[in-house]
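To keep things clear, I will list the structure first and then write my remarks on it.
The values are calculated or read from the model by the stated rules, or taken from the named source; none is laboratory data. Remember, predicted model here, so these are calculated numbers, not experimental data. Cβ: placed from backbone, ideal geometry, glycine included. Neighbour counts: every protein chain shown. Heavy atoms of the whole protein, side chains included, go into the accessibility calculation; ligands, DNA and RNA do not. Shrake-Rupley method; radii C 1.70, N 1.55, O 1.52, S 1.80 Å.
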Amino acid sequence: MRITAVTCVKNEGPFLLEWIAFNRVIGVTDFLFYSNDCSDGTDRLLDALAARGVLRHLPNPAEGRNYQMEALKHATTQDIVTRADWVWIADVDEFLNIHVGNHTIPALIDACGDPQAISVTFQFFANAGVEAFDDRPVIAQFTRSHNPDIWCGETAIEVKSLIRRDFPLQYYGAHRPFFKSKLPPRKHPRWTDAAGREVPHKFLVAANPRRIRKFPAAGARLHATLNHYALRSLDSYLVKNDRGDVNRENRAFDDTYWRERNDPAIEDTSIHRYLPALEAELARLRADPQIDALHLECVSLHRARRDALLQQPAYQQMQAQLRAASTLPPQEEALLRELNLWEGAA
């Protein structure tokens, strides 16, 4: 079974090898990476891996700011995608945690009854007080998350999707594929959640803009969960913020994104089942001296960027604000205030 992972990256150098190794362990056979505007060695490491046949690396074709959608449109022209049995579209901070069989994508597909698409629900993993960037697997470092059935007071949680070759595709979205709205019901694809249940009809036909990429999470993760490490360490979050916004001068920092994903309510270490195989695959990749050297260069540049940012008052303030931020999501804190149950309420 050929399974192609498609992803877009910018300054993700320290995290590339873990993500590639992990996806190899769960059954991904091919990788298509798009990169843009990298300053941390991401592109050099990807080029070296491409030269060794590990992946395909292309410059992002976007002419404006819509990097991901332009790349996904371009991906439909690539033989590494068109010849795949399945396509997996995800980001480098997202790890597919499969709970069934031998914990691989083929096992998940089999458990779900071999549909034409499978949408897997996010579980957001908190920073949980980890400050320093550490060059070891992200999945080993972060073990706290929100209640996986509820996120920020919502019972519907976003998904990412596996897509089978015969899906009646109109275009790929970052979270789910789309088919033509005029497709007759008898030709609608067989599409399940990660418990093998049919996805809700309104999600299937993209009828509700507010639910176009999410549906109720309860019961949807029987066979798999999508672990999302959007925050990582505080060091790495500062660098991530810089990547997306290079000039913070004279503007207040909004910590909403951080607070929404930094709920440490429960501990979940189920993904640690992959660590032995992940470490072995990482060792194989890093046994190549040039690959190892390029990875270490990315790590060094990541730390150097953190140090440079922390020379700026705006980033010093951001660091202090994130350290002090409540670990309750804003929506839940607002509800407690409304009920006069929040200890900080007047």
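Based on this model, can you work out whether G244 counts as under 17 Å from the mean Cα position of the chain (by Cα) and either modelled with pLDDT of 95 or more or surrounded by fewer than 16 Cβ atoms within 10 Å (Cβ to Cβ) (or both)? Yes, satisfied. Every listed requirement among (1) crowded, with 18+ Cβ neighbours inside 10 Å; (2) touching a residue at least 40 places away in the same chain (Cβ under 8 Å); (3) part of a helix (DSSP H, G or I) is met by M69 save one, (1).
Filter the range 176-192 down to the residues that are in contact with a helix residue (DSSP H, G or I) (Cβ under 9 Å, 6 or more places away or on another chain) and buried (at least 17 other Cβ atoms within 10 Å of the Cβ), then identify the one that is nearest to R210 (Cα to Cα). This residue is R176. Taking the conditions (1) surrounded by 13 or more Cβ atoms within 10 Å (Cβ to Cβ); (2) in a helix (DSSP H, G or I); (3) of a type in the set (A, V, I, L, M, F, W, C) in turn, L328 satisfies each one other than (2).
Given the conditions (1) under 23 Å from A75 (Cβ atoms); (2) open to solvent by 10 Å² or more (accessible area, probe 1.4 Å), report the number of the one that H201 does not fulfil. For H201, the failing item is (1). Among residues belonging to the range 262-280 that are of a type in the set (D, E) and surrounded by fewer than 19 Cβ atoms within 10 Å (Cβ to Cβ), point out the one that is nearest to the chain's Cα centre (by Cα). Among residues in the range 262-280 that are of a type in the set (D, E) and surrounded by fewer than 19 Cβ atoms within 10 Å (Cβ to Cβ), the one nearest to the chain's Cα centre (by Cα) is D268. Under the condition of being more than 19 Å from the chain's Cα centre (by Cα) and in a helix (DSSP H, G or I), the residues counted in the range 44-66 number 7.
Hey, can you tell me all the residues within the range 13-24 that are charged (D, E, K, R) and either buried (at least 23 other Cβ atoms within 10 Å of the Cβ) or under 15 Å from the mean Cα position of the chain (by Cα) (or both)? The one that is charged (D, E, K, R) and either buried (at least 23 other Cβ atoms within 10 Å of the Cβ) or under 15 Å from the mean Cα position of the chain (by Cα) (or both): E18. How many residues are farther than 30 Å from E332 by Cα and open to solvent by less than 10 Å² (accessible area, probe 1.4 Å) if we restrict to the range 138-166? Total meeting the criteria: 2.
Over 30 Å from G53 (Cα atoms) and open to solvent by 50 Å² or more (accessible area, probe 1.4 Å): does that describe Q321? It is true that Q321 is over 30 Å from G53 (Cα atoms) and open to solvent by 50 Å² or more (accessible area, probe 1.4 Å). Only one entry in G113, G27 is surrounded by fewer than 17 Cβ atoms within 10 Å (Cβ to Cβ) and on the phi > 0 side of the Ramachandran plot, namely G113. Taken over the range 304-318, residues that are part of a helix (DSSP H, G or I) and either surrounded by fewer than 18 Cβ atoms within 10 Å (Cβ to Cβ) or hydrophobic (A, V, I, L, M, F, W, C) (or both) amount to 9.
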